[in-house]
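Report on the following structure.
The values are calculated or read from the model by the stated rules, or taken from the named source; none is laboratory data. Since the model is a prediction, treat every value here as computed from it, not as a measurement. FYI the Cβ positions are ideal-geometry reconstructions off the backbone, even for glycines, and counts take in every protein chain you see. We work out accessible area using only protein heavy atoms, side chains counted, and drop any ligands, DNA or RNA first. Shrake-Rupley method; radii C 1.70, N 1.55, O 1.52, S 1.80 Å.
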Amino acid sequence: MFDFAFNSIGEAIYMNGHGIYVWSVVILVLISLLSFFIGYNLKIKKLKKKFNESN
Amino acid sequence: MFQVERAYKFILYSSLIIYIVSLIWGLLFTQEDFVQGNSYRIIYLHVPASFLSQSLYISMAVASFVYIVWRVKLAAYLVISIAPIGALTTFIALTSGSIWGIPTWGTWWQWDARITSTLILFIMYLGLISLHSSFSNYEKADKLLSWLAIVGAINIPIIKKSVDWWSTLHQSASITLTDKPSIDPSMLYPLIGSMIGFFGIIISLVIISSKYQIFLREKNKSWIKEYV
Amino acid sequence: MNPTRKRRIYNILFVLLFSISGIFMILYSLNTNLDYFFTPSELNNKEISSNKRIKIGGMVLSGSVKRQGSVISFVITDYENSIDVIYEGIVPDLFKEDSGVVALGYLQNDIFEAEEVLAKHDENYMPPSIEIKNDN
């Protein structure tokens with residue numbers, strides 16, 4: 001159950017030709033999550049700055 | 001507010017760890033599927049996103065209901081805070097499904113009931129977001145948005161049941177509440193882990209997007225000034 | 001509960017009821033008119049003109065797949081009725097005998113000329129080692 005499923009790192013990336021599909025989905029998910037976190041934090045920072053300027 | 005901040009950090013970090021560990025487990029430490037080979041590993045990214053895209057809509061509809069009946073302002077903030085995150089998860093579900101479809105089905109798109117109803121869900125999220133931003137009066141926008149969110153909730157049981165009601169290319173659910181899962185335990189555990197982890201990550205996203213919404217809408221209140 | 005809130009709940013229920021019936025009507029018409037998806041048995045009971053593009057779903061009958069150059073012929077069955085299919089092109093990796101398939105194309109004199117062949121897989125996921133165990 002916890003055995004590494006591939007013989008080498010290269011094989012894990014290639015995944016018998018399916019690697020391109022699997023890893024592109026991984027990258028898509030990570031990038032979209034990260035961009036949302038960064039986006040919201042930037043928006044909040046901007047609002048806070050506005051408060052401080054108006055006070 | 002400080003407690004919320006601490007809860008947010010706790011949820012975010014613990015769910016990030018759970019998600020990443022389950023992904024590594026699922027992507028590298030499970031055996032390949034006997035039919036699909038390695039492409040099945042997309043399940044660890046696709047299923048959590050699809051599941052959340054529907055549950056986020058349900059929570060949005062519930063918040064809309066609370067807003068319409070009791071006029072709780074916080075519920076209206078929640079509705080518009082959830083919408084972009086719901087759009088994100090639906091987008092992930094659609095694209096990951098499309099990419100999965102290329103090696104397994106032989107096509108990246110089919111007008112099949114499950115896929116089409118999920119596309120409708122995505123369009124609905126986008127429609128709700130753009131509708132809300134087109135109003136200059138927040139209260140009017142909130143009212144219209146919550147009504148539409150409730151009407152659109154009919155799409156959720158349709159998505160859920162589409163694989164049973166119509167002949168679809170999409171397979172039926174592997175994990176159900178009523179039956180034994182039709183997925184081997186060695187593949188199921190990392191899948192459950194990735195679902196829990198992704199759920200936590202999305203909850204923390206909802207927390208910061210609601211925080212933004214509260215800041216934006218209550219900026220003239222004195223308590224906000226104290227907090228900032 | 002206070003009467004205004006009660007009225008709002010009734011409003012919600014009313015709107016929901018209307019939209020549900022509306023959507024179901026749309027879906028019903030879509031299902032009967034637009035989604036030409038048939039199993040081989042359903043195909044037997046219906047007259048389908050040869051210029052209508054339809055989908056046929058079922059299993060690939062084992063032993064029926066024959067290749068001649070780039071042309072592939074096979075039989076789609078639902079274990080009651082079956083239909084001959086010919087297709088020119090590349091089939092997906094998951095296209096195998098005894099596994100699910102969806103073909104899109106036109107019915108010409110009881111032979112289905114497919115333009116597109118898609119593999120359908122089921123909801124079962126398991127590692128190959130377990131399948132071998134089950135076989136023994």
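Before moving on, here are some points about what is shown:
- When B:T95 is tested against (1) of a type outside the set (A, V, I, L, M, F, W, C); (2) modelled with pLDDT of 90 or more; (3) over 30 Å from C:V91 (Cβ atoms); (4) surrounded by fewer than 22 Cβ atoms within 10 Å (Cβ to Cβ), just one condition goes unmet, and that condition is (3).
- Of everything in region B:187-223 that is under 22 Å from B:A7 (Cα atoms) and at the interface with another protein chain (Cβ under 7 Å from one of its Cβ atoms), the residue that is surrounded by the fewest Cβ atoms within 10 Å (Cβ to Cβ) is B:L216.
- Search result, residues across region B:115-158 that are over 23 Å from C:L17 (Cα atoms), over 16 Å from the mean Cα position of the chain (by Cα) and not small (G, A, S): B:L131, B:H132, B:F135, B:N137, B:Y138, B:E139, B:K140
- Qualifying residue in region B:44-51 (condition: surrounded by fewer than 21 Cβ atoms within 10 Å (Cβ to Cβ), under 18 Å from the mean Cα position of the chain (by Cα), within 20 Å of B:I207 (Cβ to Cβ) and more than 14 Å from chain C (Cβ to nearest Cβ)): yes
- Here B:T30 clears all of (1) open to solvent by 60 Å² or more (accessible area, probe 1.4 Å); (2) within 12 Å of chain C (Cβ to nearest Cβ); (3) in contact with a Ser or Thr (Cβ under 9 Å, 6 or more places away or on another chain) except the condition numbered (1).
- Any chance C:N33 is exposed (fewer than 10 other Cβ atoms within 10 Å of the Cβ), out of contact with any helix residue (DSSP H, G or I) (no Cβ under 9 Å at 6 or more places or on another chain) and modelled with pLDDT of 75 or more: no
- Members of region C:60-100 that are within 14 Å of chain B (Cβ to nearest Cβ) and modelled with pLDDT of 90 or more: C:V60, C:I72, C:I76, C:Y87
Results for (1) touching a strand residue (DSSP E or B) at 6+ places or on another chain (Cβ under 7 Å); (2) in contact (Cβ under 8 Å) with a residue 40 or more places away in the chain, shown as yes or no for each residue.
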{"site": "C:F14", "(1), (2)": "no, no"}
{"site": "C:S19", "(1), (2)": "no, no"}
{"site": "C:E42", "(1), (2)": "no, no"}
{"site": "C:N45", "(1), (2)": "no, no"}
{"site": "C:S73", "(1), (2)": "yes, no"}
{"site": "C:V102", "(1), (2)": "yes, yes"}
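- Qualifying residue in region B:3-26 (condition: open to solvent by less than 20 Å² (accessible area, probe 1.4 Å) and within 14 Å of chain C (Cβ to nearest Cβ)): yes
- Residue in region B:104-114 that is of a type outside the set (K, R) and at positive phi present: yes
- Here B:W105, B:W100 are screened, and the one residue that is within 11 Å of another protein chain (Cβ to nearest Cβ) and within 20 Å of C:G89 (Cβ to Cβ) is B:W105.
Results for (1) within 9 Å of chain B (Cβ to nearest Cβ); (2) surrounded by 14 or more Cβ atoms within 10 Å (Cβ to Cβ); (3) at pLDDT below 95; (4) part of a helix (DSSP H, G or I), shown as yes or no for each residue.
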| residue | (1), (2), (3), (4) |
| --- | --- |
| A:F2 | yes, no, yes, no |
| A:A5 | yes, yes, yes, no |
| A:M15 | yes, yes, yes, yes |
| A:V25 | yes, yes, no, yes |
| A:I31 | no, no, no, yes |
| A:N52 | yes, no, yes, yes |
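- Strands (runs of 3 or more DSSP E) completely within region C:57-136 that count 2 or more residues being open to solvent by less than 20 Å² (accessible area, probe 1.4 Å): C:71-77, C:82-88, C:100-108, C:111-119
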